[in-house]
Amino acid sequence: MTGIVSVQNVRKIYDGGFEALKGTNLEIQEGEIIALLGPNGAGKTTLISTICGISSLTSGKITVDGMDIGTDYRKVRAMIGLVPQEIALEPFETVINSVRFSRGLFGKKKNEAYLDEVLKTLSLFDKKNSKVMTLSGGMKRRVLIAKALAHEPRVLFLDEPTAGVDVELRKDMWNTVAKLKKQGVTIILTTHYIEEAEAIADRIAVINSGEILLVEDKAALMARMGKKKIRIDLMEPAKTVPERLAPYFLELAADGSALTYTYDVNSERTGITGLLNDLQAAGLQMRDVQTQQSSLEDIFVGLVQEDAK
């Protein structure tokens, strides 16, 4: 993959003195889906707004396809589609006219076939002549995406695109994002739904307090930092963890019916064999054993907590 967006040592300081971005660096590859994760106030929206030219940077450099966002603003902005958090649409306008207007803003020639295809991809075609005010919240968010795609951008920013959307519509949105990737669109996604990033992102970037903590391939990140848990259901409830099992730092269920052991999948020795032998020696009998892989959410929370120390 070749780089399409480059953020180099970018700082953003607001008039009141608050530093929202602190020497941020980020390289985005063409055709990828990258999820930008971070707690509230981490700098996600500020970073997107700065790349899109909505907010000016204090220092540093940002390029899109090699063009500087300051000196080549119009060319850069024409390459970018932005779906903001807030739903800001003209309620009395029809869906198709809203999308046509966005295309016209960038000086693009009329192309009804392309706009119809965008609406079909977003399951909006049957609503093209409906007024925006008659649509559900989920449909309005799809209209925002249609408007962002109207001028055929190569880079699409989705800032919390599924906020307030039910689970079914959220999955539809994930499918839509996958389709856009197949068409060659580079997608940068911010989300509070970490399972969203886990489902569709190629790489994960974690930002906190205006600084990028890491950028890594999703699968590699989960393999490197993920842990596994073994839940051992007992034949008879235990009142306490036997002293013989203390070295394993087991968690005992509130009702005493199960023990949970956490281990690093990358360790040379997981300690599982020893645990099972010591479990039997301690007089505890197993009824069932289940394993569970740590989720991206577990990894994210751990990173942010570590950064806060």
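All of the numbers you see were taken from the coordinates with simple rules; none came from a lab. Keep in mind the model is a prediction, meaning the values are calculated, not measured. FYI the Cβ positions are ideal-geometry reconstructions off the backbone, even for glycines, and counts take in every protein chain you see.
When Lys and Arg each count +1 and Asp and Glu each count -1, what net charge do the other residues less than 15 Å away from residue 259, Cβ to Cβ, add up to? Result for the local shell: -1. Here is the P(r) of the chain: all C-alpha pair distances, binned every 10 Å from 0, give 6, 23, 26, 19, 12, 9, 4, 0 in whole percents. Rg/Rh for segment 1-152 stands at 1.01; both radii use Cα atoms, and Rh follows the Kirkwood definition. All other residues whose Cβ lies under 13 angstrom from that of residue 25 are scored, Lys and Arg at +1 and Asp and Glu at -1, for a net of +1. Couplings 3J(HN,Hα) for segment 85-92, derived from phi with the Karplus relation 6.51 cos²θ - 1.76 cosθ + 1.60 (θ = phi - 60°), are 5, 7, 8, 10, 10, 6, x, 8 Hz, where x marks Gly and Pro. Here the contact order of segment 3-222, divided by its residue count and restricted to Cα pairs under 8 Å and six or more residues apart, works out to 30 percent. Taking the chain as a Gaussian network of alpha-carbon nodes connected by springs under 10 Å, the highest mean-square fluctuation of the residues 236, 216, 90 belongs to 236. Take every DSSP beta bridge whose two residues both sit in the chain; close to 70 percent of them are antiparallel. Taking amide H positions as modeled 1.01 Å from N, with prolines and chain starts lacking one, the residues under 5 Å from residue 227 and 5 or more places away or on another chain are 294.
Within the listed set 81, 210, 66, the Gaussian network model of the chain (springs between alpha-carbon atoms below 10 Å) gives the highest mean-square fluctuation for 66. Listed by chain and number, the lysines whose alpha-carbon sits under 27 Å from that of residue 120, ignoring those within fewer than 8 places in the same chain, are 108, 109, 110, 128, 131, 140, 147, 171, 179, 181, 182. Taking the convex hull of the alpha carbon positions in segment 238-290 and averaging its projected area over all directions gives 3.8 nm². Where does the charge balance sit around residue 58 when Lys and Arg score +1, Asp and Glu -1, over other residues with C-beta under 13 Å from its C-beta? With Lys, Arg at +1 and Asp, Glu at -1, the neighbours total +2. Rounded if a/c is under 1.5, else prolate if a/b is larger than b/c, else oblate: which is segment 89-203, with a ≥ b ≥ c the root eigenvalues of its Cα gyration tensor? Oblate shape, in that a/c is at least 1.5 and b/c is the bigger or equal ratio.
The value of relative contact order for segment 66-152, using C-alpha pairs under 8 Å at least six residues apart, is 43 percent.
Computed from the Cβ-Cβ distance with R0 of 30 Å, the FRET efficiency linking residue 113 to residue 72 stands at 0.50.
Applying 1/(1 + (r/R0)^6) with R0 = 30 Å to the Cβ-Cβ distance of residue 58 and residue 130 gives a FRET efficiency near 0.10.
Straight-line cross-link reach from residue 239 at under 24 Å between alpha-carbon atoms covers these lysines, not counting any fewer than eight positions away in the same chain: 229. In this structure, the amide hydrogen of residue 156, modeled 1.01 Å from its nitrogen in the peptide plane, lies closer than 5 angstrom to those of 81, 186, 187, 188, counting only residues at least 5 positions away or on a different chain.
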